[in-house]
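Read through the structure below, which is laid out as structure tokens, and then see the notes.
The values are calculated or read from the model by the stated rules, or taken from the named source; none is laboratory data. Just so we're clear, the structure is a prediction, and the values are computed from it rather than from any experiment. Cβ atoms come from the backbone with ideal geometry, glycine included; neighbour counts cover every protein chain shown. For the accessible areas, the whole protein counts, side chains as well, though only heavy atoms, and no ligand, DNA or RNA atoms are used. Shrake-Rupley method; radii C 1.70, N 1.55, O 1.52, S 1.80 Å.
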Amino acid sequence: MNSKVDNQINELLQKMSIREKIGQLNMTVTPKTEAEFERTREKLRNGDVGSMILASSSTAGLDPQERVNTAMCNRVQKVAMEEGPHGIPLIYGRDVIHGHRTVYPVPLAIAAAFNDELVKKAYRYTAIEATSVGIHWTFAPMIDLCRDPRYGRIIEGPGEDPMVGRHMARAIVEGFQNGDVAQEDSMVTCPKHFIGYGASEGGRDYYRTEISDYSLYNYYLPAFREAIEAGSDTVMSSFNDINGDPVSGSRYYMTEILRDYLGFKGFVVSDWGAIAFLKRLGVTESESECAELGIHAGIEIDMCDDIYVRYLEKLIEEGKVSMETLDNAVRRVLEVKFKKNLFENPYCKMPEIDRTEHLKCARELASECMVLLKNEDNVLPLSKDKKIALLGPLVHEKRALLGSWCLEGKAEETPSFYEAMVEAVGKNHLITATDPTGLYDDSVRAMYQADVVVLALGESEKVTGEKRSLADISLPNYQIELIRKAKYSGKKVIGVFFCGRPIAMEGVADLLDAVLYAWHSGSEAAGAACDILFGETVPSGKTAITFPRNSGHIPMYYNATSNRYNGYFGNNSETSYEDSIAAPYYPFGYGLSYTEFAYSNMQSDCAEISVDDLKNGKKVKCSIDVSNVGEYEGKETIQLYIHDVAGTYMRPFRELKDYKKLLFKVGETKNITFELGYDELGYYMPDGAYVVEEGNIEVFIGPNCFAKDKIVLKVV
Ligand code: GLC
């Protein structure tokens, strides 16, 4: 922070009473009615509030949220600035997770694009929309690594891989911040939920986790380190405990790991009510002790449970919390407010936004996220002169396509798959059934009259997101029954899946000739799916999450530190189940195109390198030729994995270390080069020390985690 701001903060701290300081650590909701406005005015006059969340409930991702009332935000801000004790502006936060009015795919789908520049552009546009209504601060990116598709919030994060998590964290933070959060159309970011929330046992929300420090450093922390290095100024603490230590009350996680180890300098906001939650977790018997635990853990802002404003002043009088602790917390909050230029620019000017480019980006990103999982006999792309029986429960669906956590997106503005298909081929090419589930009326006749059957399948957004976990990720039986009927029709059957999470494909994909995983891909989901079905765009998505055969296989992830006998990589002779082969239905990084890519001629510029040379910045170049040997121009995501054959600690059988997504013309060959250095070839010890060890490291390059082309690098 520059000295001028430091001086301004010091002057404020000298003038502020204890109560006014605590007020800066208190977040409330914004008033909606005049009565609420008057009550808020009273709190602001006393300096009892420092920030507000623009949401009408603690489960903003699930409930229809009112649009942001910018006029009210400006009215309240005016009270804070002109009637508050020190003219300190409020900072307004909201869950801007995957879009604002223009909704992009859910983040788990965005991860499948493997296209950092496009992701960054989407979040740039999102910041422009969100700031235009007065939102300063987003509670995003959600970068909880997760391996359990039963968990509803898996849709909100980057999936099972730490490297994908790092890329997503950086692209999203840079998109929101645009290099300078002081700009009116930039947003303060808040990577969440620190730390380990995605490991919630059994995929149950708000539940316990067991995470060793070894796993913490190698799987869960990398994305947060990246977000902090990308410039995030705030972090949100999580509801969960790790090994019995509730994170939002833990100095180990919120200070020793987050600040001392990762070097985070901003402020921490608790999750909604997470400080009061400490009592329910059973580490305190009083709310006052919750306040003491939270402030000592290193949580600056208490979200919406009034614990700090009710108990901190007495704790300070009793000497249980020091003035230094309080002043440091307030300083961190004020530093971010100055950095966001809120003292100079506290009001929203409500600029008009042209969303044309935003919607184009939404369509492009949706197209690049969608994953072609199966395409038997190249049944896709379809020609537009076919008679199509268009059936399934999501044919006319609008809201689900937006996914969970879209607070501003409106279903009525979202084209359904039916509407997009009509636009693509015209009504006279479509045969539909009166009952969208397609089971009990003229659906069979529709199939017989058609050349091909397209089924719109999937799940509602209501079974994804916060508090929306599933014990069974199977497709509902009525949808499987519809697929069977279609299969028996003897026509080619294409399944288009509008889902948030991976669903169990065993017994489903087997019955289909093609599977297009369209996810919950936002405002332009339907159009993007049609673009792919008819070949306007060639699919290029690669799944960033494993598709287990069925729920019994969960957790199943490609980068387990187990040896090959977990069956993931096909060594099913040693499989761990008698009733199911253990290999995934679709592996991490998998996705088909309409064209074919051939990999050949893998090389490295050296077969041996010393740890010292690596430490001194020397890198190994690994290259491979990739050719488009098919009939379509298309994009391929070339992925590089390593396998540290023998570490002091067990290492994953494959670890993604880099990827490049490139466009190939028909017949084109490109020589692709990756560089492997110190940062790519090591791992973290349980004490957080990063090491590169001597020994053989296998390097693979290919189209997914089953990559076959390999060289062996000897580290000496
Ligand atoms: C919710 C979520 C969190 C969100 C916050 C504010 O409980 O856990 O992700 O940012 O509350 O809506």
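Before moving on, here are some points about what is shown:
- Distances between every pair of Cα atoms in region 335-467, grouped in 5 Å steps from 0 to the bin holding the largest one, split as 2, 8, 12, 16, 17, 14, 10, 6, 4, 3, 3, 3, 2, 0 percent.
- The apolar share of the surface of the chain, taken as the fraction of accessible area on carbon and sulfur atoms (1.4 Å probe, ligands and nucleic acids excluded), comes to 46 percent.
- Cα gyration tensor, region 510-664 - rounded (a/c under 1.5), prolate or oblate: oblate
- DSSP beta bridge pairing in region 597-715, given as percent antiparallel to the nearest 5: 95
- The alpha carbon radius of gyration of region 19-59, expressed as a multiple of 2.2 N^0.38 Å, is 1.15.
- Anisotropy class of region 260-408 from Cα gyration tensor, a/c 1.5 cut: prolate
- Theoretical ellipticity at 222 nm over the chain - DSSP helices of four or more residues, -39500 (n - 2.57) apiece, nearest 500: -8000 deg cm²/dmol
- The chain, Cα convex hull volume normalised per residue, Å³: 160
- Accessible area, probe 1.4 Å, largest first, for residues Glu536, Glu344: Glu344, Glu536
- Dipole magnitude (debye, nearest 20) for region 597-715, charges at Cβ of Lys, Arg, Asp, Glu: 260
- For GluC sites (Glu not before Pro), the sites in region 220-294 that DSSP calls loop and that have at most 14 other Cβ atoms within 10 Å are Glu285.
- Each 10 Å bin from zero holds the following percent of Cα-Cα pairs in region 474-525: 24, 54, 21, 1.
- Summary of the geometry: region 75-115 and region 214-235, compared by the centres of their Cα atoms, lie 21 Å apart.
- Checking the Cα-Cα distances for Lys410/Lys657; Lys121/Lys398; Lys192/Lys462; Lys384/Lys661; Lys661/Lys714; Lys374/Lys621 against a 32 Å cut-off, the pairs over it are Lys410/Lys657; Lys374/Lys621.
- Taking a Cβ cut-off of under 13 Å around Thr414, the surrounding Lys, Arg, Asp and Glu residues balance to a net charge of -2, with basic ones at +1 and acidic ones at -1.
- Positive end of the dipole of the chain (Cβ unit charges, origin at the Cα centre): among Val330, Tyr151, Ser604, the Cα lying farthest that way belongs to Tyr151.
- Considering only beta bridges that DSSP places wholly inside region 4-163, some 10 percent are antiparallel.
- Positive-pole candidate from Val29, Gly507, Val422, dipole of the chain, charges at beta carbon: Val422
- Looking at the chain, the DSSP beta bridges with both ends there are about 55 percent antiparallel.
- Selection from Trp519, Thr673, His193 lying farthest towards where the dipole of the chain points positive, charges on Cβ: Trp519
- The Cα-based radius of gyration of region 194-298, divided by its Kirkwood radius, gives an Rg/Rh of 0.95.
- Å² of accessible area per residue within region 1-94, as computed with a 1.4 Å probe and no ligands counted: 42
- Residues Met370, Met556, ordered by accessible area of protein heavy atoms at a 1.4 angstrom probe radius and largest first, appear as Met556, Met370.
- Principal axis dimensions, largest first and in whole angstrom, of region 389-485 by Cα: 43, 31, 17
- Rg over Rh, two decimals, region 597-715 (C-alpha only, Kirkwood Rh): 1.02
- Region 338-432 - charge dipole about Cα centre, Lys and Arg +1 at Cβ, Asp and Glu -1, debye rounded to 20: 120
- DSSP-loop trypsin sites (Lys or Arg not before Pro) across region 422-489, with at most 15 other Cβ within 10 angstrom: Lys467
- Rounded Å value of the spacing that divides the Cα centres of region 616-695 and region 142-168: 20
- Taking a ≥ b ≥ c as the square roots of the eigenvalues of the alpha carbon gyration tensor, region 356-552 is rounded, as a/c is under 1.5.
- Helix 287-297 and the long axis of the chain differ in direction by around 70°, with both axes built from C-alpha atoms.
- Its Cα centre serving as origin, region 492-614 has a Cβ charge dipole (Lys and Arg +1, Asp and Glu -1) of approximately 420 debye.
- Hydrodynamic radius by Kirkwood, which averages 1/r over all alpha carbon pairs of region 1-94, in angstrom: 14.1
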